[in-house]
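What follows is a set of notes on a single structure, which appears directly below.
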Amino acid sequence: MPTVHIGDASVHYQEAGSGNDVVLLLHAFPLHSGMWAPQLSGLAGRFRVIAPDHRGLGQSRPAPAATTMELVAGDAIALLRKLGIRRAGVAGLSMGGYAAFELYRRAPDLFRGLALCDTKATPDTSEQRAARQTFAANALEKGLSWVADDFAPKLLRPEADPAVMAQVRALIGDGTPEGVAAAQRGMGLRADSVPTLGRITCPTVVIQGDQDQIVPFGEAQRMAQTIKGARLVRIPGAGHLPNLENPPAFNAALSSFFAALPSDLPVAPPETE
């Protein structure tokens, strides 16, 4: 699997497809780029798809003290620059959506389009931040099996498919307790993205599983209503990870959205390290 060096970190990513129309996929907590397997295969016939691991999750190392959205966005910018990519469609799911907001604030000209999937613009309350600190401490003390037991059922619809549950548990197990803790701390530090909603000018779609147990549907409605021209798509039979629970419907929503964008400029030669 390809890896790039960004500062003191080795950032792993997956890539599929080719061409000038690039899609960047930013993954959910506490998973990694492997969660995008149905999209890497499903979109590769039309797009060049790039899916990095956040530090401490998957194969990206080392885990920082806090995986802030600023850090994830900075890694994404550096990765695309190293690959010679100047513009991309961006899809962020859950934590990946938080990072996509920060990426937009830093580099709005990068965006050909934005897909916000099962995420929200509002920041944590003080109680939610405290809960993240407790989760981080438990992850370090009890390990990834505890993380999977506690969190995997929340990521999927009630009475989830056992095969998808096993897949999610395996994805969690590929990380590190330090990476899980760092991601929780980083999400707790994220900025309020509600003011950003009104400043987004690129084409945008908001995608939400119709049985999401983590993000209320009202959050998706608010984003779609506030971002000018945004569309809202609900994925049936899916919880917080509709890309895994209903890949055909999710891929159709994502592919049709990005395919409708104007074709982009040629990709520049990648940088040499």
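The values are calculated or read from the model by the stated rules, or taken from the named source; none is laboratory data. Predicted model only: the values in this text are computed from it and were never measured. Don't worry about glycine lacking a Cβ; one is built from the backbone with ideal geometry, like all the others, and counts go over all protein chains shown.
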Can you name the condition, by its number, that GLU159 falls short on among (1) in contact (Cβ under 8 Å) with a residue 40 or more places away in the chain; (2) under 26 Å from ALA249 (Cα atoms)?
(1)
Where the second residue is among the hydrophobic types (A, V, I, L, M, F, W, C) and the first is free of Cβ contacts under 8 Å to residues at least 24 places away in the same chain and lies in the stretch 1-15, which pairs have Cβ atoms under 6 Å and are six or more apart or on separate chains?
none
Which members of the stretch 230-266 meet the condition of being among the aromatic types (Phe, Trp, Tyr) and in contact with a helix residue (DSSP H, G or I) (Cβ under 7 Å, 6 or more places away or on another chain)?
PHE250
Within the stretch 128-139, residues being surrounded by 15 or more Cβ atoms within 10 Å (Cβ to Cβ), touching a residue at least 24 places away in the same chain (Cβ under 8 Å), within 11 Å of PRO177 (Cα to Cα) and of a type outside the set (Phe, Trp, Tyr) number 2
Give just the number: which of (1) over 22 Å from GLN221 (Cα atoms); (2) touching a strand residue (DSSP E or B) at 6+ places or on another chain (Cβ under 8 Å) does ASP150 not satisfy?
(2)
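Kindly indicate whether HIS12 is surrounded by fewer than 15 Cβ atoms within 10 Å (Cβ to Cβ) and assigned to a strand (DSSP E or B).
Values: surrounded by fewer than 15 Cβ atoms within 10 Å (Cβ to Cβ): no; assigned to a strand (DSSP E or B): yes.
Judged against the criteria, HIS12 is not a match.
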Among the residues of the stretch 154-167, are any of a type in the set (Lys, Arg), surrounded by 15 or more Cβ atoms within 10 Å (Cβ to Cβ) and modelled with pLDDT of 95 or more?
yes
